[in-house]
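The values are calculated or read from the model by the stated rules, or taken from the named source; none is laboratory data. All figures in this text were calculated on a predicted structure; none of them were measured in a lab. As a convention, Cβ positions derive from the backbone with ideal geometry for all residues, glycine included, and neighbour counts pool all protein chains shown.
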Amino acid sequence: MTSRLPRPQSSPEPKTAGGFAPSLKRKVVPEEDDIASQQPTSKKPAGSSGFRPKPLEASRNATTNSASTATRKPLSSAPPTRLTIPRAPAAARPTTSAAARGTNLPTARKPSASRVPSTTAKRVVSGPTAAPEQTIAAPDVITNLHKRLTTLEEAHTQDTERVQVAASSTAVASAAHQEQLQTLQSELITAQVQLASTSAQLQSATNQLASAQAQNASLQGELGAAKGLLRARDDAEQTLKQEILALKGEVLDGKTALARAQDECGDLRRTVAREQEDAEIRVRRGERLLREAKDEIDDKDARMSKLRAELAGAVDAGAQSLEQHRTSTLRIALLESQLAEMHRAKAQWEEERAELEEEKQALKEESTRGEEERRKLHEIVMELKGNIRVFCRVRPVLPSEEEGLSEGESLAAQIAYPDSSRPYPSGEKEIVMSAAGLEREWDAGMGNKPRKEVWNFNFDRVFTPASTQADLFAEISQLAQSSTDGYNVCIFAYGQTGSGKSWTMEGGSTEATQGMIPRAVAQVFRVAEDLKDKGWSYTMEGQFLEIYNETITDLLAPTPAPGDPPRKHEIHHHPTTHLTTVSDTLTPVVNSPAEVQNLLAQAQKRRRVAATIMNERSSRSHSVFTLRIRGVQNPSQPGGEVVERIGTLNLVDLAGSERLAALNHHQGAAAGLGQSTNGAAVQERLKETQNINRSLSALGDVIAALGNGPGSHVPYRNSKLTYLLQNSLSGNSKTLMVLNLSPLAAHLNESLTSLRFATKVNNTTIGTAKKVQVANGTGR
Ligand SMILES: Nc1ncnc2c1ncn2[C@@H]1O[C@H](COP(=O)(O)OP(=O)(O)OP(=O)(O)O)[C@@H](O)[C@H]1O
């Protein structure tokens, strides 16, 4: 490469130059040196910058004109960093690449040359301190500019140094170069001016950059603040969204609560409405009460006024009453003392009552002991007397029988009770009949029997017409009670029609007139109840039979329908228990006296009653009420004996015992009274009477046979009556015959017949009664 700087034509290139050779050699290789080599070689005066830039065009032209063409290198190959064309601000320049700017100087230089004066423009372009690019937006550009500036300055310094070297070396160069040097110097000055201007521009740009950086920093700060605000706003927005969600939830809850509250509100409204209604009602009621109270107050005011007036009057009367009050006070004091006395008396009475209670208890115990004693006595009597006893009872004259009689006139027979003044058991056993006015009748009835005007009879006890049902039962109760001890007891009423048999056995409807049957039944139930304390329990069965014309009828069975075949009842006697049973009969269990009473009433309806000339309600049949009593005593201790007692209480109302003669005698009387006397009816009555008498005779025969002692034949089977009562008439039973007598004189003969029959019975000893008691299934 050849330098563009003018050099002496004679001096060979590197080999001959003493002081300049290194410098020239150095310019050949590095391209940076090319620019220096292109600089004018004219010397610069001392004290100047030593660097005189020259426009490239001019330099090239000069180089082209003065330098050897053999060593000259085209400018286009010079490195761009060595020669940077001063440029206008980026905005005013056409866009060119850095390579184009640096590498194609001629190309780039052309437009510049066209815009500026040729000289000035050339100097600016060739200046070592090319102006930084006007683009100052980015800091790296500025940095590059700084670097380039530094490089330019360094290059300038080097160029200056080379220029000085070249100047000193070329001082002696040609004068032609002097002119060029001066030109170059002027161009350098111009370039320096331009450089100063560019520096100013650079400073301005730097300031602008600093300002822009500050502005940028401010903007960055503002941006950061804005971003912070934006984040804060986002956070706030997020918070707001969450709050909105929460609020929505609250709103939903609120809506639910509102709906509930509305419901409650509705309920409350209704409640309030109700309460309001109630309150209104209460208010109305209160108003009404107020009105009433006002009325009452008015009324009371009126009454008060009246009372005041009365009080005024009373005050006057008070004085008078005061005296009365004093009197009353005295009376009250007296009454109080009397009351105190009464209290004392009451206390005393209470004490006495307690004592009486004790006495009563003692008496009860004594009574129990007495009862026991009486029972023992009863047993003794029964043993002494035998097991059949006879009571005689005379009924009173009935009011109906006294009708039509004149005063003092009487139909009563002459009956006396000689020992009635002595109480039983020492007295009340005799009865005396007088028959003075009836001798002919007696003769007629009894044939050639000896005449007697007075007949005296003795029985176990005689009851006068004045005696009551209770009197009779007092003597019978022990006998009835025996049935609960396991005895067979038979009580039968004997007597002519109308003598009072039914009355004695059944009695009236009142408690006082109750007959022996209800009383005996009540007694049995009472005893059974008392014996519960001793571990006894009793069961009882009732039976009610009728024997009419030797036929048994069950009075407790339903009334048979017309055409029904008559039931046949067989009588059976148990050999061990001595129980008598009748087949096909009802024997209902009875639990109380009332139930027994019902059975009696039921039987009474079925009882055959036939009108007779003797008694319009005369019974023409025997009736037998039987109460079977079974008592069981459980042992008080385990392993003890179970004791069982079986007793029977027979209460018999016998048919009328009037004789046939009496029947015939009274038949005429009946005809006189307009009663039925037709043949069939009389025959029927006759047959009834015969049957009755036959059975009664059989009863007498049985009793007589029993009196003959053990082993004698007893004709029980001669009649249904005796066969039915077999176990109650035998030696194992206790029998009582109540002879009922009519008090009428007209019935005296019948009464005497009955008395004689009863006497026979009374004189019979039929043995000692035995009770039926079984222990652990073994009879003893
Ligand atoms: N002790 C007495 N006290 C009062 N009245 C009695 C007494 N005894 C019987 N009578 C009355 O005498 C009448 C006849 O008595 P009751 O009918 O008892 O006789 P009877 O012997 O049963 O007669 P029949 O054999 O015909 O049935 C009845 O009106 C009865 O009320």
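Within the range 557-570, can one find any residue that is at pLDDT below 90, over 29 Å from Gly508 (Cβ atoms), assigned to a strand (DSSP E or B) and away from the ligand (no atom under 16 Å from the Cβ)? Looking through the range 557-570, none of the residues is at pLDDT below 90, over 29 Å from Gly508 (Cβ atoms), assigned to a strand (DSSP E or B) and away from the ligand (no atom under 16 Å from the Cβ). Select, from Thr689, Thr759, Thr753, the only residue that is part of a helix (DSSP H, G or I), of a type in the set (Ser, Thr, Tyr), farther than 25 Å from Thr580 by Cβ and at pLDDT below 80. Among Thr689, Thr759, Thr753, only Thr689 is part of a helix (DSSP H, G or I), of a type in the set (Ser, Thr, Tyr), farther than 25 Å from Thr580 by Cβ and at pLDDT below 80. If you go through the range 531-541 and pick out every residue that is surrounded by 14 or more Cβ atoms within 10 Å (Cβ to Cβ) and at pLDDT below 90, you end up with 3.
Among the residues of the range 513-522, is any assigned by TED's automatic domain parsing to the domain that holds Leu651 and part of a strand (DSSP E or B)?
Within the range 513-522 (the criterion being assigned by TED's automatic domain parsing to the domain that holds Leu651 and part of a strand (DSSP E or B)), the answer is yes, since at least one residue qualifies.
Taking the conditions exactly as written (part of a helix (DSSP H, G or I), free of Cβ contacts under 8 Å to residues at least 60 places away in the same chain and surrounded by 12 or more Cβ atoms within 10 Å (Cβ to Cβ)), does Ala279 satisfy them or not? Answer is yes for this residue.
Residues checked against (1) loosely packed, with under 15 Cβ neighbours inside 10 Å; (2) within 30 Å of Asp140 (Cβ to Cβ):
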| residue | (1), (2) |
| --- | --- |
| Glu187 | no, no |
| Ala200 | yes, yes |
| Ala205 | no, yes |
| Ser218 | yes, yes |
| Glu222 | yes, yes |
| Ala226 | yes, yes |
| Leu245 | yes, no |
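The residues on offer are Gln348, Gln361, and the sole one that is part of a helix (DSSP H, G or I), over 20 Å from Gln481 (Cβ atoms) and either among the small types (Gly, Ala, Ser) or modelled with pLDDT under 85 (or both) is Gln361. Within the range 629-646, the set of residues being over 18 Å from Gln481 (Cα atoms) and of a type outside the set (Val, Ile, Thr) comprises Asn634, Pro635, Ser636, Gln637, Pro638, Gly639, Gly640, Glu641.
Looking only at residues of the range 444-500 that are of a type in the set (Asp, Glu) and away from the ligand (no atom under 16 Å from the Cβ), we find that the one that is modelled with the lowest pLDDT is Glu453.
The number of residues in the range 599-612 being at pLDDT 75 or above and either closer than 30 Å to Gln683 by Cα or in contact with a strand residue (DSSP E or B) (Cβ under 9 Å, 6 or more places away or on another chain) (or both) comes to 6.
Taken as a whole, the range 527-545 holds at least one residue that is within 51 Å of the chain's Cα centre (by Cα), in a loop (DSSP other than H, G, I, E, B) and assigned by TED's automatic domain parsing to the domain that holds Thr648.
When the criteria are applied in full, Lys110 fails the requirement of being at pLDDT below 70, buried (at least 22 other Cβ atoms within 10 Å of the Cβ) and not in a loop (DSSP other than H, G, I, E, B).
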